[in-house]
Each structure stands twice: as structure tokens, then as C-alpha cells.
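The values are calculated or read from the model by the stated rules, or taken from the named source; none is laboratory data. Just so it is clear, the structure is predicted and the values come from calculations on it, not from any experiment. As a convention, Cβ positions derive from the backbone with ideal geometry for all residues, glycine included, and neighbour counts pool all protein chains shown.
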Amino acid sequence: MLKPILAATIAALLPFAPVGAEAQQRTLTVYSSLDEDQAKALIKGFEAKHPQIKVNAILGSTAPIIARVIAEAASPQADIIMGNAVSALMAADARGLLIPYKPAHFDKISPVMRDSRAEPVWVGIDAWASSICFNTVEAAKKNIPAPKTWADLANPVYKGHITMPSPLSSGTALLAVNGWLTIFGEKGGWDFMDKLHENVSKYGHSGSAPCRQAGSGETIIGISYATPGVKAINEGAPIQIILPSEGLGWEIEAAAIVKGARNLADAKAMADWISSREAAEISAKYLPITAYDDIQVLPKNYPADEKAKLLKMDFAKLASSRDAVMAEWQKRYGVKVPPKN
Amino acid sequence: MATRQVRPDPTGQLVPPVLLVLLATTTILPIGALLVRAFLGKDGGFVGVENFLRYGAEPGLVIAAWNSASLSAISTLIAMALAFPFAYVLVRTAIPGRGIFRLIALLPLLAPSLLPAFGMVYLFGNQGWLKGWLLGESLYGPVGIVLASVFYVFPHAVLILSAGLSAGDQRHYEAARALRAGPWRRFVTVTLPSCRYAAISAASIAFILVFTDFGIPSVVGGSTNVLATDIYKLVIGRFDFEMGAVVGVLLLLPAVVAYGIDWLARRSQRAMITGKSVPIRAERLPLRDAVLFLFATLVAIAILGIIGMAIFGSLVKFWPYNLSLGLQNYERLFTDDDEFRALMNSLVLAIGTAMAGTGLVALSGWMIARKLGHGLVRNGLQGVAMMPVAVPGLVLGLGYVFFFNNPANPLHALQGSLALIILCTVAHFYTVPHLMVVNELLRLDREIDLAAQALRIGPAGTARRIHGPVLLPTLIDVAGYFFVNAMTTVSALIFLFTAQTRPASIAVINLVEGSRIGQASAFAVVIMVLSMFAACIQLTLRHLVIRAQGWRRQTA
């Protein structure tokens, strides 16, 4: 009985042994947390310009992609990260896993959207901002008014009707929290979150889930970002995307080359492409804020005033306070069980 | 004594150590590569238990640990209370429709975990049709975790219990009957003791599965913190692999306890099938059968209801506001090259895992049950086989990266290959099939081995002539188990897949992340249908084998 089993096992494994020699075409490995369609469109544009390069893309959420890059440090598998939150990229940069590179069109990019250091590590692709997804049908049933400001969310009328991601596992939550700390100040921000905590029914892990939950009526208010809300509206969800008047916490999605990239020249070519106006025009179909200020396209049903409401944020300070904010949040809200609705 | 020494057979001496090395390379070493970080500082220096103290000082640990332990215990109790009678129906009664019942019991195993999670939200969530059944409790929290966990571990428990119950010795029942023991007394004094080992295995596995699962608390757990979500926050949210490793070590504790219990149980287990054994004949007791049939039907309806609701959700335009039906969510799967390739990858992964896994499990289970090789090697093998179930997929996957993606490792070349993903998946799901094989073989009497020895048939020969045929139906189940788990596995692979090897289960998660819930549900349904197809093949094969093996029928 042994021999056949062993033989079958070996036979089963053989076809999957890694192939040593690749075909003539060069390959570039790209890690990305951009919207799937956006990432694919950008890659298609790149491959059209560089037909000799085949892009292998690994798509995933912001944090898992960076965790993977950090875990693979001993022998990096990615050549370039094409789109990840700058705060998360900074975590990789702090571990010395990225290399500086100034792409071809760097100087034409809007100054906020590029790394301001002398040796820039990242180049911005687009930006996303916090917003509220508000389910009008369920709100009407319970006679709940639409919030206009972040401060409104502290009103007891919303008790048990708000969900938001936990900043411990979601970059989207972190930018909301950073926004509140910017708007209300350090003390005022935590005071606001204390009151908000009384109203929150659930802190989840996914940044887009609160908008999806609002879209399907599982919650009335989801603190999230606009894109999942826009998608839900386009599918027929009765939700309204509210951009509170105090302003929005936001963050940049950027590209950076991985240290030890096996294919450095092609990774640089990709960074050059990403920094081009043509690439920004592709991204503008998915998110209104891109690396080029003057590109003004609004995706269908996307709120028009997002750009005007972006807060002025100190990204360097936010990156350095990331761990402290998470620890404070965990201390205040990670332990207590939130009230039942 | 004139008996000649039996010629030593190399199989019994050589294979166990080789197998131990092979299994250690795919389980203990990668897991260790991550867990050792629990004792290292950020700079890689040894810091003793400092990380544990740091974690102990974190607010919320005690609550998370208590939540993990209590919710796992409650879920295990409920799952066992449902799975035992259900398994009994499947293998110890002549109730009609057992084939259908078996297939339905396996359904939760066939569906990506996302599907039942959606099904539960559609049924019991804030817009759920049966929301009132929760008596005002919210689904999101302990209630949701227990409900979903019971659903998740039920098929595992049924599989182990039905393997344990499926063989017994009809003579024990005849004897009990002759002693005027009624059906209940026969059940308590003959049936229960005969499946004690399987019951302990099933309960340990159920407890550990709930204890280490991340998916359920993250979807329906609300804000209820458990250790398994803590590890996610630490590793993924804070990139703190050292603290993540600390939680990983804590999550291993129940498995260590389970290993101890298992070791004790194995020592006291007596053979249930002897050379003179007579296969069980299912009794017909009209009243009992009617009650059990009703029970099994209710359980089946509950499972079908949750899955059915999720399928319904994949067909509607937009839950819950536009319930018109259509196939729009399914179009992408068959028009997008990447999604179609993901399906093909999953099939290759599942078939590869089923073949490699079944081969390895047959060997390791056989060595443990037949006490081959050195005792130390055997205990090491059992420990290695018991470990994967206690390790969250995230820990295993990260461990694989740390271990294999290291230029110093001679196996570094495997990085990025489908072979590595298959190895990881085999390792991830190793424990339950291993126990299924051990349980099956432990019921064979040692006398059979002695007879074989007397006839000078070595272990390999005994395996071919006796253990193999006895084990064949179980091995078919094992292959099925590996297959369906490989179709739905996610957490261990998020660090291992590449553009070429991305399986369908990851594609589903990508769709969810992209807020394409309808398409994600549709994809999950397609995965489930493929798994059901495999399960049907499995059940048919099993049926044919059992029918072909005449000795399973009583010849008297």
C-alpha cells in the first residue's frame, strides 16, 4: 500500500514544482491595494507602453499587503507597491524596506501628492477621505434625522445606529480618527470619540464594511469612505453620502519601489508611468482626487465637494503618532463592551 | 520456544522517521519560525518572556481570553449535542434518506465561510426575515459568534463521530440483548463507551476550531473581542509580528491540553473490532427512529435555510431593497479571465491537496494506530499531526513566509509555487483526517496483527491486505475533506498566493474588499457547487467500495 501512495504523492506534486527558466518576456511583480478595476486599468496602460514586460499583480487590502511585504523582507518578492496608504508605506519605510526614486514626471505632480523629502520614496496616485453613509429608508422608519456634522454623531438620537471600523485594523478608521483629532484638537477629539462610542453599535475590521452595512440596512450610519457608498448607490442602495461640514480626514495612496526588487529597471519604468498625467487620467475615473490638480472628472454619483472639504493635515506628524493613537484608542474603547441597541 | 523471530520489516523502522521529518518541515518548523518571535525583540535579540508581559499588560487581554474560552465552550457543547444524534442517525439507524442527510451535514464544509455569514445576516441581521427569533438580542456579538460557530464546526464533529460510530461489534449488542438490556441500556453501556475516543476527539477539535477562528468573530462578532481577532489586529493592523506570535502561542494552549487528553484516551482505548467481530446491523425501533428522523430533518432545514438564504442573496438585484431575481452577479465569473483562472487554480489546488494529503494521512494515521516505529517518533508524529488545527491560518501562512522565503532555506525555491500552497493547505487541514484514520484503525484488534505476524506478513503486507481495505471508505472521506477545505481556505494563503496561483477563495475576498458583495456571493456559490459535485463523487465512491467489500456484510 505504501509504494503506490508515495508514488501518487510525488506524481501529484511534480507538475507544481517551480519552473526555473521564465519565458523571454520579463515579468514585474506589483503589489496593489487600489480598487481592483483601477489597478487593472493602470496595468493595462503600462503593458501597452512596455509590451516586453508582463505585470504580475497581487491585489489585497492595505494592511495585509504591507504585512506581506514586511514578512517577505528576507527575500523580497515584490518589485513595486503600486498603491497603498502612505501611512502604511511609512511603516515599511521605517523598516528600511523601500528605496527612494524620483519618477520621470515627479515635478509635475501636485506638491501635496508627493513625498516632500529630498530623496522621495513615494509618489501619490490618488487620495480618499472619510465620509458618512446614511441609509435614508431605515432612518425614515425610525424618524432619525440626517447628520450634517461630525459633532452631530454624538447626539443620543443615533444610539446603536452607527458602525465604524476599528482603527486597530483599518486605515479608513485611522483617517477618520486623525480627522477628528485635527478638527477638535487632541482633547476635544477624544472627548468627541467618548460620546461617539456611546452611539456605536459595532467596531469592525473592514474600512468599506460600514458603508455596505448602511447600504443593506444593517446599520443606519456607517463611518467609512465614499467609494463603497458610491458603488452601493449605483447598485440601488437607498443611501446618501454625507461629507460633514467640519472637514474630512484623508489620506494619499501612493507607489513606492521595494528594496531588493529583482527587476529594478522595470519597477522604475512603472513608477514613471504611475507619475504620468495619462495614468492620473485613468485613476480619475475611479476617484476624483488624483496626483494632477487640474484633472477634474467626477465618477458617477460621487459627491462633488469632497476635494473642497479635505482638512489640512500634517501627514508626517500623523505617521509618527500612529502607534500612540492606536494605543490610546485601544485603552479607551477596545476593552469596554459597547452598549446594546 | 521454537517460534522463529519474525523478519524485521524495514517499513516499520524507516517510514516513521521519514514521515516525521516531512511533516515537521511542513508544520512545526514554519509555525516555529513565527512563534519563536514571541521570545524575540524587534531587533531579533532574545528577550525571554518580555513580550508576554507586555501583552499581559495590554488592556482587554483578559476579556478577550475569557470570551474566546467561554464562547468556544458553549459552541462546542451545542455542536456536540446536535452532531452526536445526527451522526448516530447516519451510521447506526436504518432511517431513510441518510445519504441526503450526510450530504446536507457536509454543506457547511463546502461553502466558503462568507456564504453562511451572509446567510445569517439575511436571516437574523437587523433586516433579517427571522430577526424576531433572537428575542431582541442582536446577531452581532456573542449570539452571532455561537450561532455561526456551531454551524461551522458541526460537519467536522459529524465526520469524526460518524467515523467513530460506524463500526462496532454486533456481538456486544447480541450479548446485551441476551442479558435483557433494553435499547437505552444497550446505548449507554455498549454504544457510548465504544465511541468515547471519537467523542473526545470531536469535542477537542470543535473547541479548538472555534477558539482559533478569525472569520466568524470578524463578520458577526460585533465588538466582542476574542484572541483570534487580537492576533489579526496585532499582525495586520500594527505590523507587530512579535506580539502576534505571543497570541499565537496562547492560542496553542487548548491544543496542548487536547493533546494530553487524546494521549490518555488513546492509552485506554480498547479494540472494538476483533478478529471475531461481526459488523453492526442497524436496529429498527419505530419510536426512536421517528424522533431521530424529525430531529435530523430540523437540523437539515436549518442548514439548508442558512445556505439557501445566501444563494437567494446572490440572485437578487440588491438586498434587501430590490429583491427582483437575475443572474447579473454571475456574469463576471465567466467573462473575466482572472476570475476564471482563479477557479481553475482552486481545482488544481484542491485535487493536489486531496492526493498528497490523503497519502500522508494514511501513513501517519496507520503508524500511530498500529504502533509502528519507535515510541518517541510516534509521539512526535502524533504531536505534529495534532498541532495544525490549533494554529490560526494567519499564523501558519506567515510562518510559511518566514520559513520558506529565506534564502538560507534549501527549500527556498518553493516560494511562490503552487506546490508550496498545496503543502501549506495539507498541513493546515491535517489534524481532522489524521484523527479519522487513527479512529478507524484503532478499532481493529491487535490480534489481527499478531495473526499477520504468525503468518510472517510484515507491516506493509498487513497494511495492503487488511488495513488498506478496512480504511478505504475512510480514505475516500479524507480525500473529500481535503478537497473541500482546499476549495474554501483563505487565511493561510493571503501571504502565499501569487498572480498565477491566486485561488478562487482569495478571489472572493478580493471581491468583498472591492465592495462587490453580489459578485462575491455568486462566486462563493459557484465554489460551493463545485465542492458539492466533488462530495457527490466521494459519496458514490464510498457507496461502491462498501458494496464491493463483501466482508462488511454479515454472512451468517
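Summary of computed values
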| quantity | calculated |
| --- | --- |
| Among residues of segment B:275-314, those that are surrounded by fewer than 19 Cβ atoms within 10 Å (Cβ to Cβ) and within 14 Å of chain A (Cβ to nearest Cβ), counted | 1 |
| Qualifying residue in segment B:369-376 (condition: in contact with a Phe, Trp or Tyr (Cβ under 9 Å, 6 or more places away or on another chain) and modelled with pLDDT under 90) | yes |
| Single residue of segment A:168-186 satisfying the filter (in contact with a Gly (Cβ under 8 Å, 6 or more places away or on another chain) and without any contact (Cβ under 8 Å) to a residue 60 or more places away in the chain) that is nearest to A:Ser208 (Cα to Cα) | A:Thr172 |
| Subset of segment B:180-215 (residues that are in contact with a Gly (Cβ under 6 Å, 6 or more places away or on another chain) and farther than 30 Å from B:Val391 by Cβ) | B:Ser194 |
| First in segment B:401-414 and without any contact (Cβ under 8 Å) to a residue 12 or more places away in the chain, second anywhere and of a type in the set (Phe, Trp, Tyr), Cβ under 7 Å, 6 or more apart | B:Asn409/B:Phe403; B:His412/B:Phe404; B:Leu414/B:Phe404 |
| Filter pass, B:Gly352 being without any contact (Cβ under 8 Å) to a residue 24 or more places away in the chain, assigned to a helix (DSSP H, G or I), at the interface with chain A (Cβ under 10 Å from one of its Cβ atoms) and touching a Leu at 6+ places or on another chain (Cβ under 9 Å) | no |
| Candidates B:Gly215, B:Gly221, B:Gly244, filtered to the one that is over 23 Å from the mean Cα position of the chain (by Cα) and either buried (at least 24 other Cβ atoms within 10 Å of the Cβ) or over 22 Å from B:Arg443 (Cβ atoms) (or both) | B:Gly244 |
| Flag if B:Val377 is in contact with a helix residue (DSSP H, G or I) (Cβ under 7 Å, 6 or more places away or on another chain), more than 9 Å from every other protein chain (Cβ to nearest Cβ), in a helix (DSSP H, G or I) and surrounded by fewer than 24 Cβ atoms within 10 Å (Cβ to Cβ) | yes |
| Helices (runs of 4 or more DSSP H) completely within segment B:1-120 that count 1 or more residues being more than 30 Å from B:Arg456 (Cβ to Cβ) and modelled with pLDDT under 85 | B:50-57, B:61-92 |
| Selection from segment A:202-214 of residues that are facing chain B (nearest Cβ under 7 Å) and among the polar types (S, T, N, Q) | A:Ser208 |
| Considering residues of segment A:145-177 that are of a type in the set (Ser, Thr, Tyr) and assigned to a loop (DSSP other than H, G, I, E, B) only, the residue surrounded by the fewest Cβ atoms within 10 Å (Cβ to Cβ) | A:Thr149 |
| Only listed residue being within 14 Å of chain B (Cβ to nearest Cβ) and closer than 24 Å to B:Gly514 by Cα, chosen from A:Leu298, A:Leu310, A:Leu287 | A:Leu287 |
| All positions within segment A:23-59 that are more than 19 Å from A:Ile252 (Cβ to Cβ), in a strand (DSSP E or B), within 12 Å of chain B (Cβ to nearest Cβ) and not small (Gly, Ala, Ser) | A:Thr27, A:Leu28, A:Thr29, A:Lys54, A:Val55, A:Asn56, A:Ile58 |
| Matching residues, segment A:60-82, being in a loop (DSSP other than H, G, I, E, B) and either under 24 Å from A:Ala173 (Cα atoms) or of a type in the set (Lys, Arg) (or both) | A:Gly60, A:Ser61 |
| Every residue from segment B:447-495 that is under 19 Å from the mean Cα position of the chain (by Cα) and not in a helix (DSSP H, G or I) | B:Thr489, B:Val490 |
| Odd one out for A:Ala85, checked against (1) over 30 Å from A:Pro167 (Cα atoms); (2) more than 10 Å from every other protein chain (Cβ to nearest Cβ); (3) modelled with pLDDT of 90 or more; (4) touching a strand residue (DSSP E or B) at 6+ places or on another chain (Cβ under 8 Å) | (1) |
| Subset of segment B:131-160 [surrounded by 24 or more Cβ atoms within 10 Å (Cβ to Cβ) and basic (Lys, Arg)] | none |
| Flag for B:Gly365 being more than 22 Å from B:Ala504 (Cβ to Cβ) and more than 13 Å from chain A (Cβ to nearest Cβ) | no |
| Considering residues of segment A:216-235 that are more than 8 Å from chain B (Cβ to nearest Cβ) and over 18 Å from the mean Cα position of the chain (by Cα) only, the residue farthest from A:Lys159 (Cα to Cα) | A:Asn234 |
| Number of positions in segment B:132-180 that are in a helix (DSSP H, G or I), over 30 Å from the mean Cα position of the chain (by Cα) and either among the charged types (D, E, K, R) or more than 30 Å from B:Leu323 (Cβ to Cβ) (or both) | 8 |
| Selection status of A:Tyr203, surrounded by fewer than 23 Cβ atoms within 10 Å (Cβ to Cβ), farther than 16 Å from A:Leu34 by Cα and among the hydroxyl-bearing types (Ser, Thr, Tyr) | no |
| Selection count where residues are under 14 Å from A:Cys133 (Cα atoms) and either more than 14 Å from chain B (Cβ to nearest Cβ) or in contact with an Asp or Glu (Cβ under 7 Å, 6 or more places away or on another chain) (or both), scope segment A:241-269 | 4 |
| Filter pass, A:Asp272 being in contact with a Leu (Cβ under 7 Å, 6 or more places away or on another chain) and away from chain B (no Cβ under 12 Å) | no |
| Residues located in segment B:398-429, provided they are within 9 Å of chain A (Cβ to nearest Cβ) and part of a helix (DSSP H, G or I) | B:Leu398, B:Val401, B:Phe402, B:His412, B:Ala413, B:Leu414, B:Leu418, B:Ala419, B:Leu420, B:Ile421, B:Ile422, B:Leu423 |
| Total residues in segment A:59-89, condition of a type in the set (A, V, I, L, M), in contact (Cβ under 8 Å) with a residue 24 or more places away in the chain and surrounded by fewer than 22 Cβ atoms within 10 Å (Cβ to Cβ) | 2 |
